[in-house]
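Report on the following structure.
The values are calculated or read from the model by the stated rules, or taken from the named source; none is laboratory data. What you are looking at is a predicted structure, and each value in this text was computed from that prediction instead of being measured. With ideal geometry, Cβ positions are generated from the backbone for all residues, glycine too; neighbour counts draw on all protein chains shown. Accessible surface is based on the protein model in full, side chains and every heavy atom, while ligands, DNA and RNA are left aside. Shrake-Rupley method; radii C 1.70, N 1.55, O 1.52, S 1.80 Å.
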Amino acid sequence: MRVITFGTFDVFHVGHLNILESARQKGTHLTVGVSSDALNLAKKGRLPIYAQQDRLRIIEALSCVDAVFVEESLELKSKYLRDYEADILVMGNDWEGKFDQFKSICEVAYLPRTPSISTTETIEIIKNL
Ligand code: CTP
């Protein structure tokens, strides 16, 4: 069973680790699409703190992750699911329902988000120190 998930994974935190470990437990192989710097700039209006090659290296080094690639465009989601032969797409439940359109390609599961931590919140806390 091949699992796939997507995210920015900027300023890596335990919520990221929890979802990746839980995603891996849904199958036998985990591929992670790490969103590109350009995609984040377009989507959020700012660049991530960590550059895409560094975010990719951190994710790739985790024992629960088997393969990584750079997600260049949100429009290519179905192509990524097919190219990486995903049986199941996993996302945190902050995305509940948002990926249901891909249920014709693979199973879609939303896992509970770790409470009280996010990259945005961490950046805000550090800014206000
Ligand atoms: N995630 C999670 N629990 C958290 C934070 C993130 O399970 N506390 C999951 C998200 O649901 C997603 C993946 O981690 O499936 C990558 O999320 P990402 O957007 O990169 O992390 P956030 O911390 O949510 O970043 P931001 O605050 O910039 O939105």
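Restricting to DSSP loop positions (anything but H, G, I, E, B) with no more than 11 other Cβ atoms inside 10 Å of their own Cβ, which trypsin sites (Lys or Arg not before Pro) remain in segment 9-58? All intermediate terms of the calculation are to be shown ahead of the outcome.
On the way: sites: ARG24, LYS26, LYS43, LYS44, ARG46, ARG55, ARG57; in loops: LYS26, ARG46.
Here the sparse-neighbourhood loop sites are ARG46.
What a 1.4 Å probe finds exposed on the chain is 52% carbon and sulfur by accessible area, rounded to a whole percent. Each of LEU30, ASN18, VAL68 was scored by the projection of its Cα onto the charge dipole of segment 1-113, and the greatest displacement toward the positive side belongs to ASN18; charges sit on the C-beta of Lys, Arg, Asp and Glu.
What trypsin sites (Lys or Arg not before Pro) does segment 61-129 have in DSSP loop regions with at most 15 other beta carbons within 10 Å?
LYS98
Can you give the helix-only mean residue ellipticity at 222 nm for the chain, where every DSSP H stretch with n ≥ 4 adds -39500 (n - 2.57) and the sum goes over all residues, rounded to the nearest 500 deg cm²/dmol?
Working: 5 runs with 45 residues, N = 129.
Taking each H run of at least 4 residues, the total per residue is -10000 deg cm²/dmol.
For the chain, the orientation-averaged shadow of the C-alpha convex hull comes to 7.6 nm² (one quarter of the hull surface). Given DSSP loops and a limit of at most 14 other Cβ atoms within 10 Å, what is the longest stretch of the chain that contains no such GluC sites (Glu not before Pro)? Free of exposed loop sites, the longest segment is 1-71.
For the pair HIS13 and LYS44, label points projected 7 Å from Cα toward Cβ lie 1.1 nm apart. On a per residue basis, the chain carries 55 Å² of accessible surface, using protein heavy atoms and a 1.4 Å probe. Rounded to the nearest 20, the size of the Cβ-charge dipole of the chain about its Cα centre is 120 debye, with Lys and Arg at +1 and Asp and Glu at -1.
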